[in-house]
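The values are calculated or read from the model by the stated rules, or taken from the named source; none is laboratory data. Not measured: the values here are computed from a predicted model. A quick note on method: Cβ atoms are made from the backbone with ideal geometry, for glycine too, and the neighbour counts reach across all protein chains shown.
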Amino acid sequence: MEEVAALLLHSMRDPASVPGLGAEALDDVLHAARQHALLARLEHDLAGLGVLQDLPEAARRQFANARVRANANAITLCFEIDRVRRALTDLGIRIVLLKGAAYRRAGLSVARGRVSVDLDILVSVADIGRVERTLIDRGWQAAEMNRYDQHYYRDWMHEIPPLVHGERGIELDVHHTIFPPVSEIRIDSETLLAAATPVGDGLWVLGPTDMVLHAAAHLFQENPAGHLRDLLDLHDLLTLFGQHAGFWENLIERAGRHGLGRPLYYGLRYAVDLAGTAIPAAVLNRAKALFAPNAVQLRVMDWLVRSAIVAGSPGQASAGVLPRFMLFARSHWIKMPPAVLLGHSLVKIIHRMRGKSATDTG
Amino acid sequence: MRLGAAPESALRAQFHTTGVRLRLAGLCVNLRTDVPAASDQILQMYRDHPLEAGVGIDDFRVWLSYTDPLRRFVRRRIQVFIDGATPFEPMPHRFAYVSIEGALNWCISATAINVVLHAAVVERGGLAVILPAPPGSGKSTLCAGLVMRGWRLLSDEHAVLRPADGRLQPVARPISLKNESIALIRQWAPDAHFSPVFTGTIRGDVAYLRPPTDSIARATETAAPALIVSPTYQAGAAVALQPLGKSETFRLLAGNAMNYHTTQRCGFDTVAGLVDSCAAWRLSYGTLAQAVDAMEALLARVQTGSASGRLAIATA
C-alpha cells in the first residue's frame, strides 16, 4: 500500500491521530479524503472527539465546507426520497431504499457525512414496468441512450436505465435485484422484499443481512478500486449489526443462499484487514471454509485490494495502475459470461474509437 | 513573492511536480499541469499574484493533462481533474488555459462557507458595487470598463459574501471577455494585457484581461456592499437608471447564486441582508462610455449623500 493510502486509512480508523499529523501529511490526508468523498465523515468523527479546534485554520475551513455540503446533500436526498414515495404511493407496493438513501432513512450511523450522488430503490421485478411508467408520467425522464446501452440495461442488468427528474438533477436508479442477472448469480426480488424492514411512510430498507450482502457484492463483485468509502460503509454495517443476536449465522446462511458467499468472504476479510472491523474469529473461519478461493487466488486478491482500494492521485506516478486495471477487468469477468463479455468489450472499444460513448455503463 | 518575480524555470518545474499554489478568495488552490500551453498562460495572466509557500494545506488540487499519452502528440486533447474528479468533458488542447479558468470557477463555486453569487463586483472609495446579470448582458464588459478606469476589481464572475459580516471577499482573477467585448475593451484599454483569443468555445470567442496590479495587491481587503446595479446592454439604447424593487433584487441575486441551495438558511439570510442594506438599480446602456459615466455619477451621489445616500438616490 502506498504511503498516502496508508495515511488516509489510518486517519479514518483512528481520527484522534489526525491533529498530530505534520502539515504535509495533513495536506495529503485532506486531499485523499476529498478525493474519496470522506471529508464530511472525518469531520463528523473529529467533531465527536472534540479535536477539530486543534487543527490549523486552513483544515478547519475545509471541514466546515464539507459539513455544509454534506448537510445540504442529506436534505436533497430526503426530499428526493419523498418525491419518489409520493409518485409511487398509489401503486401500493413495497419501495425498498438502497445504499445511502436506506442508511439515511433508517438513521444508521453509516449515514454520517455521507454524500449521495444518486438515489437507489428496489421494487419487485413484477412491478418494474408499472413503476417506470408511473415515474415517467410524474416527470422523471430517461437519459438519452443508444440502443446498445438500452439492451445492456434491459437484458443484463439489475436495474433499468437511470431516470432523472426534469426539474431536479439527482439520478434515480430503479433496481429489481441487487446483482446483474447476466452473471450466474440470480437473486429473487421477492426474497429480498419479504425480509425488508419498514422505516415509516410506506418505505422499506433491506433486512440487515441483505443490506450487508448488497454492500459486499457492490464492492467485491464489482470494481473495488478507489472505493474506500464503500469498505467503510461495510465496516459500519458489520459493527452495528454484529451486535444483534444471530446476525453472523444468518449472514453466512443467507450469503450461501444468494450465491454471494465469495464477495461476503472478501468483505469480511478486507473489513478486518483494512478497516479493523471486530468480527468473531469463528465467523471468519467459517466464511473462509465455505467461501474463500484457493490460496493463490486469495494472495492475488489481497495484493489487488490493498494496492487499489485507495485511489492514486491523478498525475502522480503510482504503483496502483496495474492492480486497478486488473480489478476493472475482473469486475467484468465476474459480471458477464465470456461470450457476452467479448461482445460487450468490442462494442465499447468501437464506440470509444468513434468517440460516441457518452454513457458510463462500464 | 509574486509569481512574476520567481525564476521562470523553477516555476515551470514546479508545475510538473508539487504544483504552484495560488491564493484566491481566501482559498488555496494547487495548480499542477504538464501542458505547457496552460502553464505558460498561467504565468502570464497571474504574473502579479502572490506565490504561496511550497508546503501548506490546499483547499483544492487541480491537475491538467493530456487525456492519454497518444493525445500528447496527435489530435491533442486535455482533461482537468479537481481532487481526482472530472467535472468537465475533455477539451481540445487549444483550450488548456480556458479549462484552468473553468476549474478555478468550479472551485470557488464549490465552497459553501461563503455565499457565492453570480455577479461582478467592483469597488471605489470603500463602496463596493455588485453587478448581477445573466450571461450576455454585458456584466463582464462593464466590469472591465470600470476596472480600466481606476475602480478596484473584486471579481468579474463571483460575488463572494461572508455570512458573518456580509462583506465581500475579493477574487481578483483575469476578467473573461466574450465575442464583441474583446475588441471593445482592447480599444478602451490599449495598454492592458490580454490573453490570446480562444475561438470556438461553447461561449464563442473568449479572451482574458489581466487585472490591474493594485486590485491583486489588495485581494485580501474585503469590502462592504453599497449598491446593486444590474446592467443590460442594448445596441443603440440611451443610458437609463431605474430603481429595482427589493423582491425583484432578491430574485435576481438568489436565482443566479452558485451555492444558494447548498448554503440553505445561511444563503437566504445572507442574500436577504444584502438586499435590505443596498439600494438596487437597473442600468440600461448602449455604449460603454455612457455606462461608466453613469456608474461614476451614481457612486458620487452615494458618497456625497453619505449616510442619507440611499434616500437621496431613491428619491432622485
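Of the residues in the stretch B:178-201, at least one is surrounded by fewer than 20 Cβ atoms within 10 Å (Cβ to Cβ), in contact with a strand residue (DSSP E or B) (Cβ under 8 Å, 6 or more places away or on another chain) and closer than 16 Å to B:Leu131 by Cβ. Count of the stretch A:30-68 residues, restricted to those that are facing chain B (nearest Cβ under 10 Å) and β-branched (Val, Ile, Thr), is 1. Evaluation of A:Gly312 against the conditions (1) out of contact with any Phe, Trp or Tyr (no Cβ under 7 Å at 6 or more places or on another chain); (2) under 28 Å from A:Val4 (Cα atoms); (3) outside any loop (DSSP other than H, G, I, E, B); (4) not charged (D, E, K, R) shows that the sole unmet condition is (3). For the stretch A:83-92, the set of residues classified as surrounded by fewer than 21 Cβ atoms within 10 Å (Cβ to Cβ) and either over 18 Å from A:Ala106 (Cβ atoms) or at the interface with another protein chain (Cβ under 10 Å from one of its Cβ atoms) (or both) consists of A:Arg83, A:Arg86, A:Ala87, A:Thr89, A:Asp90, A:Leu91, A:Gly92, listed by residue number.
Give me a count of the residues in the stretch B:267-307 that are within 17 Å of B:Arg251 (Cβ to Cβ) and among the acidic types (Asp, Glu). Here the count works out to 2.
Residues of the stretch B:16-27 that are surrounded by fewer than 21 Cβ atoms within 10 Å (Cβ to Cβ), at the interface with another protein chain (Cβ under 10 Å from one of its Cβ atoms) and either part of a strand (DSSP E or B) or in contact with a strand residue (DSSP E or B) (Cβ under 7 Å, 6 or more places away or on another chain) (or both): B:Gly19, B:Gly26. Residues of the stretch B:133-149 that are modelled with pLDDT under 95 and either closer than 17 Å to B:Arg251 by Cβ or not hydroxyl-bearing (Ser, Thr, Tyr) (or both): B:Ala133, B:Pro134, B:Pro135, B:Gly136, B:Ser137, B:Gly138, B:Lys139. Each residue in the stretch B:28-66 was checked for being more than 11 Å from chain A (Cβ to nearest Cβ) and either part of a helix (DSSP H, G or I) or farther than 22 Å from B:Tyr208 by Cβ (or both), and 10 pass. Filtering the stretch B:97-133 to residues that are assigned to a loop (DSSP other than H, G, I, E, B) and either farther than 30 Å from B:Phe81 by Cβ or under 14 Å from the mean Cα position of the chain (by Cα) (or both) leaves B:Gly125, B:Gly126, B:Ala133. Condition (residue is facing another protein chain (nearest Cβ under 9 Å), buried (at least 19 other Cβ atoms within 10 Å of the Cβ) and at negative phi) applied to the stretch A:69-82: is it met by at least one residue? Yes: one or more hits.
What pairs can you find where one residue is in the stretch A:189-213 and under 18 Å from A:Asp90 (Cα atoms), the other is in a helix (DSSP H, G or I) and modelled with pLDDT under 95, and their Cβ atoms are less than 7 Å apart, with a gap of 6+ or different chains? The qualifying pairs are A:Gly202/A:Thr89.
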